[in-house]
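S.K.: The structure under discussion is supplied below as structure tokens; questions concerning it will follow.
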Amino acid sequence: MMKTLFQIIFLAGLSSSLIAQTNSVSTTKTSSPKMSTQQKLDYFLSIADTVRAKRNTPGTGIAIVYEGEILYTGGIGYRDINKDLPVTENTLFAIGSTSKAFSGVLTGKLVEQQKMSWKDPISQHLPEFKLKEDYVTRHANFEDAFMHMTGLGRHDTLWYDKQRTSVELLAGMAKLDFHGGFRGEFNYNNLMYMTIGLALEKIDGRSWHDQIKEEIFNPLGMTSSFTNYNGFMNYAERSIGYESDGTTIVAHRNADHVASAGSITSTPKDIAKWLEAFVNKGETSTGRFMSEEMFEYLTSPKGNSFVSPCSISYYAIGWGGMYIDGKRDIGHAGAIDGQEALVKIMPEDGFGIFILTNHESNAKYLLADYAAKIFVKDDYERDMEEENKLEVDRISAFYSNELTEIFTQNEMTDAIKKYRALLKKEPKANFEGVLNSIGYEEFLHNNEYSKAIAIFKLNVEEHPESANVYDSLGEAYLNAKKYELAKKNYLKALELAPNSAHVKAMLKKVEKEMK
């Protein structure tokens with residue numbers, strides 16, 4: 001399934017970009033004089049709760065730093081809808097791939113202690129590290145790994161839903177294919193972050209978990225944050241994760257074997273202290289947490305870190321970023337097991353927000369955009385077009401289980417008829433994502449290629465302007481060894497998304513098979 005740059009960096013999490021700037025035309029405007037800080041906060045929280053309800057998000061934790069100081073830590077909605085337990089500043093959420101920046105800080109501290117350098121080959125400190133390409137094994141350095149520039153394919157199925165140890169995963173990486181050129185293409189990779197964690201353990205002598213606790217949690221006073229599965233599960237006020245429909249519970253997964261890629265859990269109260277340190281370029285209310293030089297290195301673009309045709313967009317050390325009017329807008333997202341996170345920081349404006357949810361949805365991006373507009377730009381305009389899209393997403397999610405049953409319990413011809421009947425019943429619904437998920441999870445992953453092709457062809461018919469649907473159909477044809485049809489659909493996907501590194505890589509794979 002194709003992932004856009006936007007999805008890769010910010011939606012990736014453990015299971016998959018630069019902070020999205022909403023360009024949609026707004027239809028509702030609040031024309032009022034400049035608000036006080038408290039009025040801004042009240043207005044934002046009111047909007048946030050409205051957005052939460054529209055998307056049927058159970059609960060949302062929020063931390064805000066404004067004018068360099070922690071303004072708010074708290075939440076809206078429920079951490080457990082069945083027990084009506086509310087989200088508070090002490091509710092524990094999984095932060096997914098926003099954990100990656102924590103590994104960046106650990107590495108920065110070891111660099112400052114002259115125990116290593118960013119340009120050190122990983123294999124220098126971790127001899128067990130081996131990739132299929134010997135040259136990359138010998139030359140891939142920490143900076144390459146942090147910036148997802150090794151060229152190694154994502155291969156999340158190697159660890160996701162499987163309890164292999166990190167040592168077993170590391171050993172298996174020598175057999176994995178590359179999806180791009182070394183230092184030539186951005187390829188998001190959780191396994192390389194796992195590798196970073198293992199290397200840091202060799203260099204420092206302490207476990208990655210102990211390093212996070214002793215070098216970050218303790219200095220910042222993050223007393224209710226954890227790096228492992230048991231820490232989360234034993235915490236009394238932990239959030240329950242929910243699927244996109246907002247009602248189906250998702251069990252929390254043990255990700256200790258890839259911990260440094262995204263296993264951290266935290267609360268609004270705790271994560272605000274981390275947020276404060278980055279908003280203020282390393283300074284906190286209790287003293288300096290990291291040098292400003294380290295902050296600049298972690299969050300600024302490097303020579304080969306630009307991952308967009310627009311030269312202002314880049315990926316640094318566990319942070320995505322862009323420059324807007326000469327100012328940085330940095331951030332990252334995370335997602336795992338019904339829990340999602342988004343951090344957005346505008347350091348030159350002294351503003352940052354960390355959003356934690358126990359629900360799979362894109363609502364967090366709209367909330368982060370609203371927060372920046374309200375607090376930084378004194379812009380109180382609502383984007384009703386985007387809010388209405390969330391309602392469409394809610395409807396689509398509501399029927400996802402029903403559609404799965406329709407396509408798995410009926411002959412394909414009858415299933416498509418039932419699907420079209422449902423679409424007439426809910427004309428506002430957009431089932432592109434649902435169909436794509438069914439095609440992959442129910443059929444393609446089970447080697448039922450003809451059924452997967454039928455689902456993806458239906459999606460192409462319904463959404464002919466989406467590059468993603470052609471990419472999925474191309475993959476189904478590739479698996480079915482129908483290479484001409486695979487190439488045709490990948491070319492169409494590339495036409496609609498000409499800068500997709502993934503599609504380009506898949507085209508090369510098809511052409512190789514055709515030879």
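The values are calculated or read from the model by the stated rules, or taken from the named source; none is laboratory data. Predicted model only: the values in this text are computed from it and were never measured. Glycine also receives a Cβ, built like all others from the backbone with ideal geometry; neighbour counts cover every protein chain displayed. In case anyone asks, the SASA skips ligands and DNA or RNA and just uses the protein heavy atoms, side chains included. Shrake-Rupley method; radii C 1.70, N 1.55, O 1.52, S 1.80 Å.
S.K.: Step by step: first the residues of the stretch 385-409, then only those that are within 18 Å of TYR242 (Cβ to Cβ) and of a type in the set (Ser, Thr, Tyr), then the one that is surrounded by the fewest Cβ atoms within 10 Å (Cβ to Cβ). Which residue is that?
M.R.: Only one residue fits best here, namely THR404.
S.K.: Continuing with this model, one more query. Is it fair to say ILE374 is modelled with pLDDT of 95 or more, part of a helix (DSSP H, G or I) and either open to solvent by 20 Å² or more (accessible area, probe 1.4 Å) or in contact with a Phe, Trp or Tyr (Cβ under 8 Å, 6 or more places away or on another chain) (or both)?
M.R.: It is true that ILE374 is modelled with pLDDT of 95 or more, part of a helix (DSSP H, G or I) and either open to solvent by 20 Å² or more (accessible area, probe 1.4 Å) or in contact with a Phe, Trp or Tyr (Cβ under 8 Å, 6 or more places away or on another chain) (or both).
S.K.: Can you name the residue in the stretch 317-347 that is more than 22 Å from ILE81 (Cβ to Cβ), among the hydrophobic types (A, V, I, L, M, F, W, C) and touching a Ser or Thr at 6+ places or on another chain (Cβ under 9 Å) and, of all such residues, is surrounded by the most Cβ atoms within 10 Å (Cβ to Cβ)?
M.R.: ALA333
S.K.: Let me ask something additional. List the number of the failed condition for ARG253; all other conditions in (1) over 22 Å from GLY74 (Cβ atoms); (2) assigned to a helix (DSSP H, G or I); (3) within 23 Å of the chain's Cα centre (by Cα); (4) of a type outside the set (Gly, Ala, Ser) hold.
M.R.: (2)
S.K.: Collect the residues in the stretch 273-288 that are of a type outside the set (Val, Ile, Thr) and open to solvent by 10 Å² or more (accessible area, probe 1.4 Å), keeping them in residue-number order.
M.R.: LYS273, GLU276, ASN280, LYS281, GLU283, SER285, GLY287, ARG288
S.K.: While we're on this one: Is it fair to say GLY350 is modelled with pLDDT of 95 or more, surrounded by fewer than 24 Cβ atoms within 10 Å (Cβ to Cβ) and in contact with a Gly (Cβ under 8 Å, 6 or more places away or on another chain)?
M.R.: Here the answer is yes, as GLY350 does meet what is asked.
S.K.: Let me ask something else about it. Could you list, ordered by first residue, the pairs with Cβ atoms under 6 Å in which the first is in the stretch 471-493 and at pLDDT 95 or above and the second is part of a loop (DSSP other than H, G, I, E, B) and not β-branched (Val, Ile, Thr), at least 6 apart or interchain?
M.R.: Once the first residue is at pLDDT 95 or above and sits in the stretch 471-493, its partners that are part of a loop (DSSP other than H, G, I, E, B) and not β-branched (Val, Ile, Thr) give ASP471/MET2; SER472/MET1.
S.K.: From the residues in the stretch 213-234 that are open to solvent by 40 Å² or more (accessible area, probe 1.4 Å) and assigned to a loop (DSSP other than H, G, I, E, B), which one is farthest from THR286 (Cα to Cα)?
M.R.: My answer is ASN234.
S.K.: Every residue in the stretch 230-274 that is among the hydroxyl-bearing types (Ser, Thr, Tyr) and farther than 25 Å from ASN362 by Cβ, please.
M.R.: TYR235, SER260
S.K.: When the stretch 155-201 is examined, which residues are found to be open to solvent by 10 Å² or more (accessible area, probe 1.4 Å), under 24 Å from THR107 (Cα atoms), hydrophobic (A, V, I, L, M, F, W, C) and touching a strand residue (DSSP E or B) at 6+ places or on another chain (Cβ under 7 Å)?
M.R.: PHE186
S.K.: Consider only pairs whose beta carbons are under 7 Å apart and that are at least six residues apart or on different chains; among these, list those whose first residue lies in the stretch 114-140 and is closer than 15 Å to THR150 by Cβ and part of a helix (DSSP H, G or I) and whose second residue is at pLDDT below 95 and open to solvent by less than 40 Å² (accessible area, probe 1.4 Å).
M.R.: Within 7 Å, the pairs are VAL136/GLY151.
S.K.: Follow-up question, since we're still on this one. Just to check your reading of the model, which residue among ASP270, ASP256, ASP204, ASP210 is closer than 18 Å to GLN339 by Cβ and either aromatic (Phe, Trp, Tyr) or open to solvent by 10 Å² or more (accessible area, probe 1.4 Å) (or both)?
M.R.: Testing whether each residue is closer than 18 Å to GLN339 by Cβ and either aromatic (Phe, Trp, Tyr) or open to solvent by 10 Å² or more (accessible area, probe 1.4 Å) (or both) leaves just ASP256.
S.K.: Let me ask you something else. Quick check: is even one residue across the stretch 493-509 open to solvent by less than 90 Å² (accessible area, probe 1.4 Å), closer than 27 Å to VAL392 by Cα and of a type in the set (Val, Ile, Thr)?
M.R.: Taking every residue of the stretch 493-509 in turn, none turns out to be open to solvent by less than 90 Å² (accessible area, probe 1.4 Å), closer than 27 Å to VAL392 by Cα and of a type in the set (Val, Ile, Thr).
S.K.: Taking only the stretch 300-318 into account, find how many residues are β-branched (Val, Ile, Thr) and at pLDDT below 95.
M.R.: 2
S.K.: Another question about this same structure. Tally time: how many residues in the stretch 425-455 are polar (S, T, N, Q) and crowded, with 19+ Cβ neighbours inside 10 Å?
M.R.: 1
S.K.: Quick one: would you say GLU89 is assigned to a helix (DSSP H, G or I) and of a type in the set (D, E, K, R)?
M.R.: For GLU89, the condition - assigned to a helix (DSSP H, G or I) and of a type in the set (D, E, K, R) - is not met.
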